[in-house]
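K.L.:
Take this structure first; my questions come after.
The values are calculated or read from the model by the stated rules, or taken from the named source; none is laboratory data. Everything quoted here is computed from the prediction, not taken from an experiment. Because the Cβ atoms are built from the backbone with ideal geometry, glycine has one as well, and the counts that use them run over all protein chains shown. Calculation scope for accessible area: heavy atoms of the full protein, side chains included, ligands and nucleic acids excluded. Shrake-Rupley method; radii C 1.70, N 1.55, O 1.52, S 1.80 Å.
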Amino acid sequence: MNQPFPDLVIDTARTRLTLGVSADGLLVQKGYGAIGGDPRAPREGDEQARQLDFYPTYGDGYLGEPALMVTHADGDTATRLTVSGVKTAAAADGDPNVALTEIELRDPLQPLTVTLCLRAYHDEDVLQIWTRIRNGADRAVTLHRYASAAPAWRADAYHLAQCCGAYANEANIVSERLTPGLKVLGSNLLTRAARMRAPMFLLGLDAAADGETGEVVIGGLQWPGSFQFGFDVDSTGNLRIVSGAHRVGGDYALAAGQTLETPLTLWLFSADGAGAATRALHRWARRYAVRQPELPRPVLLNNWEATGMQFDEARLEGLFEDAKGIGFDTFLLDDGWFGNKHQRDDARRGLGDWEVAGRKLPRGLGHLCEEAERRGFNFGIWLEPEMISPASELYEQHPDWALGAPGRAPVLGRWQMVLDLANPAVADFVWQVIDRTLRPHPVKYVKWDANSCVYQPGSRWLGAGRQGNLDFDYNTALLAVMRRMAREFPQIPGMLCAGGGGRADYAALANFTSFWLSDNTDPLRRVFIQWGFSYFFPPETQSAHVTRMGHRPLKFAVDVALAGALGFDLDISRVTPEDRAFFRQTIALYQRDLRPVTSGGEYYRLVSPYAGPRAATLSVTPARDRAVLFVYQTADAAAGAAAGAVVPLRGLDAAKTYTVSEVSLPDGLAPRLPAHGTRLTGAELLAGGLTVPLTRQCDSAVVLL
Ligand code: DGJ
């Protein structure tokens, strides 16, 4: 690199990333912050530690966490990348909101090229950053690290909030102040990003990022597999976030001439707090990242909580009959409808044998579709196509298709194993399962589940030299099948699921209309789970079902589910006439008044359940002419806590007048809001909030403005 490059400025509406080229040709970061604000540029320390490198590499002077670490074909472990060219381009489809910059980096000694790609979404302030790593050698090289991006910031303090948990306890927001050293958030699960945590985070610069003020960064990875975010606070006080697909044991053998395209990282800088960052991310998701954002999410009746796998045609037809006239859009038949030699009557068998269980459903799926449609709703189906039970005909025929460690006792998750999607024959089988299930019948919905992660990541297909490629190759093949399903069956909306909320990521979600948040449907817990996911995913992508888990008041269960993509999962044959009437009224309310506001609305977290006994959120239409307020009492209010009864409001138009009406009222319950039925200006509402006099745990209110 002899020729100087001018600084490269990548602007969005409110943010600026500035990159430069150092005297010795390295790509450096000169700032990433608000236009007109502090550029938050990392600083160089005393030790020539190259803190400004934008995509730091191992072994040639850089001392911190590298983004790229390679053993070259001749054993050389050093990599140095200097800028050899810059290309900018408009979006392929001519979208003026999107601009792509590609920076070509080359190693002067080794035939390795890295193309750093940056896609800027102007209006939403989102940057996607990723790389293409090309091995130009005539032998394989090993990539020990292949992060997608590693930007750096400078602040006096860094407050990290992650979205983590466990099965049935997803999406807790856990915050901490970062101290010097390396903090790693990640997952090694291979088949899913989340279970322990979603591949998304929120970072506050200087102050904790929670409300509507302060400089914050939302970061994320569009990838359904293992990942790592390394938060490295160096001795100079900079924070670098090394982000990408990564798994322990994931050294990638990159063949001669092969290019590896790393998953897209997401970056959103906001000077106006987590609230504004969330709203910008939701806008971006709806415009670019989620499948069919405009499609009204159908109201589902799922049979999982009601029947588990214990059903037959008569039982299902009974449920159809009971569901008639309530207003459900789709009946979703869950796990247990397949397997003959190994009947899927419990979770121990049958995965892989995707023929309809003749004993349970002798007239097949076509008959169920007809029976559902005859009662006025569609029929949808559950699939778990990546999985295999050791007790299955598929395993009898293709034991080598299951991932595992030959010679060792298999380690199963929920009595099942994961298919080796790195093997193209297996990926093709998975596609055939989908095609054979969806194409011949008028199925109108699909739920794609994945109940095990990979405990023994061994692939017979990859052979001795490429075992480290598994996570990347598996998830690349998985996404290809998901994309194909979305492309070939655009009329079939879909829910992502992985043993609860294990697949919440923007790569998989591009092919689905919603995701399942958790098998914990106790609405009291769901308030927190929906709150946690709301930082990163719009409400209409969050499948929220009314169940009887936790035995909470039915109105509370309904009101919590109304905030997401509404569904029901309970034994409809046991519902009282009063509750049926309430469901009918609820679904109509949702379809007519709530869904048009929550889907596509601007989302405000008003009162945090982490801070006190109540949660409140608000969705406002982009035109700010309608809003929906949800208030949930998560614990009893302290005696005489009158002040706590006022919910502060945001996002309304001060100049507009709103009619306040409390809705979602079962027969016999009168509106509790003193302002119910009154007309108030946005200015009045913004100044005074709304008094919502709930005091008892599990009381709730839904208010239309
Ligand atoms: C786990 C899912 O989260 C549940 O909703 C249900 O589909 C079961 N799997 C079925 O096995």
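K.L.:
Which of the peptides 130-136, 327-333 is most tightly packed, and how do the rest follow, going by the mean number of other Cβ atoms within 10 Å of each residue?
P.N.:
327-333, 130-136
K.L.:
Additional query: If you roll a 1.4 Å probe over the heavy atoms of the protein chains, what accessible area per residue do you get for segment 1-154, in Å²?
P.N.:
43 Å²
K.L.:
Taking only the alpha-carbon atoms of segment 463-508, what semi-axes of the equivalent ellipsoid follow from 5 times the gyration tensor eigenvalues under a square root, in whole Å, largest first?
P.N.:
Computed over segment 463-508, the values are 25, 15, 7 Å.
K.L.:
What does the convex hull of the Cα atoms of segment 205-266 come to per residue, in Å³, rounded to a whole number?
P.N.:
142 Å³
K.L.:
Right, something else. Volume per residue, Å³, of the convex hull around the alpha-carbon atoms of segment 143-287?
P.N.:
Expressed per residue, the convex hull around the Cα atoms of segment 143-287 is 126 Å³.
K.L.:
Rounded to a whole number, what % of the accessible area of segment 604-705 do carbon and sulfur atoms account for, probe 1.4 Å?
P.N.:
So the carbon and sulfur contribution to the accessible surface is 55 percent.
K.L.:
Right, another one. With a Förster radius of 45 Å, plug the Cβ-Cβ distance of Asp38 and Gln456 into 1/(1 + (r/R0)^6) and report the FRET value to the nearest 0.05.
P.N.:
Computed FRET efficiency for Asp38 and Gln456: 0.40.
K.L.:
With θ taken as phi - 60° and the coefficients 6.51, -1.76 and 1.60, list the Karplus ³J(HN,Hα) couplings across segment 619-625 in order, rounded to whole Hz; mark glycine and proline as x.
P.N.:
After applying 6.51 cos²θ - 1.76 cosθ + 1.60, I find 10, 10, 5, x, 7, 6, 9 Hz.
K.L.:
While we're here: Kindly state, to the nearest 0.05, the FRET efficiency for Thr77 paired with Ala23, given R0 = 22 Å and r defined as their beta-carbon distance.
P.N.:
Calculated transfer efficiency: 0.30.
K.L.:
Once the Cβ-Cβ distance between Val9 and Glu396 is put in as r, and R0 is 51 Å, what FRET efficiency do you end up with, to the nearest 0.05?
P.N.:
It comes to 0.25.
K.L.:
Suppose each label sits 7 Å from its Cα in the direction of the beta carbon; what would the Arg574-Asp636 distance come out to in nanometres?
P.N.:
For the pair Arg574/Asp636, the computed spacing is 2.8 nm.
K.L.:
Another question, then. Output the peptides 49-58, 512-521 sorted from most to least packed, where packing is the average of other Cβ atoms within 10 Å over each peptide's residues.
P.N.:
Sorting 49-58, 512-521 by mean packing, highest first, produces 512-521, 49-58.
K.L.:
Over segment 592-705, average the accessible area per residue using a 1.4 Å probe and give it in Å², no decimals.
P.N.:
Roughly 42 Å² per residue, with all protein chains present.
K.L.:
Note down the net charge around Val646, summing +1 for each Lys or Arg and -1 for each Asp or Glu among other residues with Cβ under 14 Å from its Cβ.
P.N.:
+2
K.L.:
Compute the distance in nm between two label points, each set 7 Å from the Cα along the Cα-to-Cβ direction, one at Val248 and one at His144.
P.N.:
1.7 nm
K.L.:
In segment 257-385, how does Rg compare with the Kirkwood Rh, expressed as the Rg/Rh ratio over alpha carbon atoms?
P.N.:
A ratio of 1.15.
K.L.:
Here's a follow-up. Multiplying the sequence separation of Glu317 and Thr213 by 0.36 nm and subtracting their Cα-Cα distance, what value in nm do you get?
P.N.:
Here the segment from Glu317 to Thr213 would lengthen by 32.1 nm.
K.L.:
Now for a separate question. Using packing as a proxy for protection, rank 113-119, 436-442, 173-179, 149-155 so that the peptide with the highest average count of other Cβ atoms within 10 Å comes first.
P.N.:
Order by mean packing, descending: 149-155, 113-119, 436-442, 173-179.
K.L.:
Let me ask another. Just the Cα atoms of the chain: what Rg and Dmax do they give in Å?
P.N.:
Cα-based Rg and Dmax for the chain come out at 26.1, 80 Å.
K.L.:
Taking the alpha-carbon set of segment 408-474, what are its Rg and Dmax in Å?
P.N.:
Answer for segment 408-474, Rg first and Dmax second: 14.4, 45 Å.
K.L.:
Can you report the principal axis dimensions of segment 32-103 using only the alpha carbons, biggest first, rounded to whole angstrom?
P.N.:
That works out to 44, 35, 18 Å along the principal axes.
K.L.:
According to a simple spin-label model (label point 7 Å from Cα along Cα-to-Cβ), what is the distance in nm between Ala409 and Thr678?
P.N.:
Result for the modelled spin labels: 6.9 nm.
K.L.:
Largest first, please: the extent of the C-alpha atoms of segment 462-620 along each principal axis, to the nearest Å.
P.N.:
Principal-axis extents of segment 462-620 (Cα, largest first): 62, 38, 30 Å.
K.L.:
Moving on. Which lysines does Lys447 reach when only Cα atoms under 26 Å apart count, and residues fewer than 8 places away in its own chain are ignored?
P.N.:
Correct list for Lys447: Lys324, Lys341, Lys360.
K.L.:
Turning to a different aspect of this structure: Between His551 and Ser608, what length in nm is gained on full extension when 0.36 nm per residue of separation is reduced by their alpha carbon distance?
P.N.:
18.2 nm
K.L.:
Suppose every Lys and Arg Cβ carries +1 and every Asp and Glu Cβ carries -1, with no other charges. What dipole size does the chain come out with about its Cα centre, to the nearest 20 debye?
P.N.:
860 debye
K.L.:
Another one. Provide the descending list of Cα extents for segment 535-669 along its principal axes, expressed in whole angstroms.
P.N.:
Taking the Cα atoms of segment 535-669, the three principal extents are 47, 38, 32 Å.
K.L.:
Write down the radius of gyration of segment 533-607 and its Dmax, each obtained from C-alpha positions, in Å.
P.N.:
13.0, 38
K.L.:
What is the gain in length, in nm to one decimal, between Ser235 and Thr621 on full extension, counting 0.36 nm per residue of separation less the C-alpha to C-alpha distance?
P.N.:
So the chain would gain 134.4 nm between Ser235 and Thr621.
K.L.:
To continue, here is another question. Per residue, how many Å² of accessible area does segment 272-352 show with a 1.4 Å probe?
P.N.:
Result: 31 Å² of accessible area for each residue.
K.L.:
Which semi-axes, in whole Å and largest first, does the equivalent ellipsoid of segment 330-418 have when worked out from the alpha carbon gyration tensor as the square roots of 5 times its eigenvalues?
P.N.:
That gives 30, 12, 9 Å for the three semi-axes.
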